[in-house]
Structure formats: structure tokens, C-alpha cells
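Working notes for the structure below.
Laboratory data are not the source of any read-out in this text; all were calculated from the coordinates shown. Remember, predicted model here, so these are calculated numbers, not experimental data. Because the Cβ atoms are built from the backbone with ideal geometry, glycine has one as well, and the counts that use them run over all protein chains shown.
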Amino acid sequence: MLISDSSKLVFIDTHAHLDSSDYNHDRAAVIARAFAENIGIITVGVDLYSSREAVRLAERHRTIWAGVGVHPHDAKTFDEGVERGLRELAQKGKVVAIGEIGLDYYRDLSPRDTQREVFIEQIELANELELPVIIHNRESTKDMLGILRKHRPKRGVIHSFLGDYALAQEFISLGLHLGIGGPLTFPKNEVLRAAVKEIPIDRILVETDCPYLTPVPHRGKRNEPAYVRYVVDEIARLKGIPAAEVAAVTTENARQLFEI
Ligand code: NI
């Protein structure tokens with residue numbers, strides 16, 4: 001077991017997929033690099049199996065926590081048995097959220113009506129268990145807003161937010177936080193950078209979505225939690241405030257939202 005101290009965390013990567021097979025040959029080294037920089041990690045499941053793996057990782061490391069849920073890509077795997085499994089996992093002490101859940105009309109890997117039903121069921125599960133939700137939204141904003149207005153999660157985050165400031169305000173008005181990750185550093189994302197300048201910092205969480213969405217200057221390679229500092233640096237540059245302040249405020253935001 002790697003020892004790490006929760007009271008000393010400088011950053012919290014609020015969205016990682018540490019159970020990914022991309023880390024099978026060096027997972028311990030990836031985790032050690034994050035801990036060396038006092039980075040706490042929320043690792044999120046995408047189906048029942050990976051949710052179990054996320055919980056297993058969280059139980060073995062003091063500064064790793066888990067989200068459990070079924071991703072919209074995998075919505076077609078959701079049934080009563082899966083819901084029972086998630087509910088059991090969610091009772092464990094290191095589980096801090098229901099997620100990753102949501103809608104994805106870009107890849108459409110599960111039928112859209114199934115995605116919507118499974119998303120709503122998991123929002124209701126989160127509300128019942130008084131846990132925040134970690135939401136994935138891709139090319140599905142209209143239905144996303146409709147569902148969130150009708151089935152309000154009590155707390156949560158729009159992970160990998162990519163919209164403009166008007167959309168950010170819509171989500172904030174629903175009581176949600178915005179997860180900002182590697183895409184903030186991609187040259188084409190001027191609209192996102194303009195939005196981040198305006199979004200109140202107390203609504204921002206930082207994340208990697210590793211092994212995906214690797215920030216510049218490592219873009220094209222595998223992502224990992226240690227790279228969350230490039231996201232923090234870019235937010236600091238855009239807002240014209242010190243990176244240490246962005247790190248401190250976003251870490252406190254994550255602690256409050258996920259009660260860690
Ligand atoms: Ni993800």
C-alpha cells in the first residue's frame with residue numbers, strides 16, 4: 001500500500017479511470033507519481049465491473065475515492081441485478097458519487113431511450129443515497145437539460161464541460177459544478193477558454209479523465225492524474241490568478257462536493 005495523507009492534498013483529480021487496462025503494466029507507478037505531488041484521485045466506474053474495480057482501488061489507498069455507475073455507452077447493460085450491485089457498492093465508505101452516468105449521442109453505443117431511462121434511474125439512486133452525480137454529456141445537451149430540470153440531482157458535476165459561458169450558467173443554475181480537464185489546453189477550444197474566464201472559480205473542479213483527453217504538452221500520449229496540474233496552470237493563466245490559488249480553491253470545492 002502506498003501511504004498518502006488526505007490533509008495534505010494539493011490537487012484532486014476528480015475524474016480518472018484508474019481501472020483502465022491502459023495502466024495494467026504500471027498502475028502502481030502512475031498512482032505513486034500522483035501521490036508524490038499530493039494529488040488525490042476520484043476514480044470512476046463505467047459499468048458494474050469497473051465500478052467494483054474502482055472501489056477496490058479506493059479501499060487500498062487512503063487518498064483515492066470511487067464513483068460507481070453505468071456510463072451511457074454501457075446503458076444497455078443496466079438491469080435490476082446491476083442496480084442492486086451498484087446500490088451495494090454505494091454503501092461502502094470510499095464511494096463518494098454515482099457516476100459516470102449521463103448521455104452520449106455522439107457515439108450512440110446504447111439506444112438513446114435506454115440512455116435516458118438509465119440516466120434518470122441513477123439520478124434517483126444518487127438522490128436516495130444522498131450522493132452527488134458525475135455526469136457525462138456529449139452532443140446531448142438539449143435532452144440533458146430537460147432531464148436535469150425534471151429529475152434534479154441534489155448535487156453533482158458536469159464532467160469534461162466543453163460548452164460556452166451561457167451553457168455553464170444553465171448548469172450552475174441547476175446547482176451543479178463544472179469539471180474542467182485537458183481539452184482546455186487544446187488549441188481549437190477558444191469558446192471553452194472564454195467560458196472558463198467567466199465561470200466563478202467556486203463552481204470549478206479539475207480533472208483528467210485519464211487515460212483519455214491528455215492535456216498539452218503531453219497530448220497524444222496516455223494521460224494520468226499527475227497531469228492535472230497542466231489544467232490548473234491553464235485556468236490560472238486564463239483567470240490571471242496564481243496556480244496555487246486555483247489548486248487550493250478547486251481542491252476545497254471537491255472536498256465539499258464529495259464530502260472528503
Ligand atoms: Ni470518464
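Packing, as the average of other Cβ atoms within 10 Å across residues, places the peptides 131-137, 200-206, 142-148 in the order 131-137, 200-206, 142-148, highest first.
Per residue of the chain, the DSSP helices (runs of n ≥ 4 H) give a summed -39500 (n - 2.57) that works out to -13000 deg cm²/dmol at 222 nm. Over all distinct Cα-Cα pairs of the range 50-201, the Kirkwood formula returns a hydrodynamic radius of 15.9 Å. For the options E234, E245, E100, a Gaussian network treatment of the chain with springs between C-alpha atoms closer than 10 Å singles out E245 as fluctuating the most.
In bins 10 Å wide, starting from 0, what share of all Cα pairs of the range 134-227 does each bin hold, as a percent? With a bin width of 10 Å, the distribution comes to 16, 48, 30, 6, 0. Between H218 and F186, the contour length at 0.36 nm per residue exceeds the Cα-Cα span by 10.4 nm.
Here the chain is treated as a sphere whose radius is the Kirkwood value from Cα pairs; by Stokes-Einstein at 10 °C and 1.306 mPa s it diffuses with a coefficient of 88 µm²/s.
Here each label is just a point 7 Å from Cα along the line to Cβ, and for E37 and L145 those points are 3.5 nm apart. Efficiency by 1/(1 + (r/R0)^6): what FRET value for K239 and A28, r their Cβ-Cβ distance, R0 = 51 Å, to the nearest 0.05? It comes to 0.90.
Projected label points at K76 and Y105, each 7 Å from Cα along the beta carbon direction, are separated by 1.9 nanometres.
Could you please report the charge total around P153, scoring K, R as +1 and D, E as -1 over all other residues with beta-carbon less than 13 angstrom from its beta-carbon?
For residues surrounding P153, the net value is +1.
Size check on the range 122-162: the Cα extents along the three principal axes, sorted descending, read 28, 20, 12 Å.
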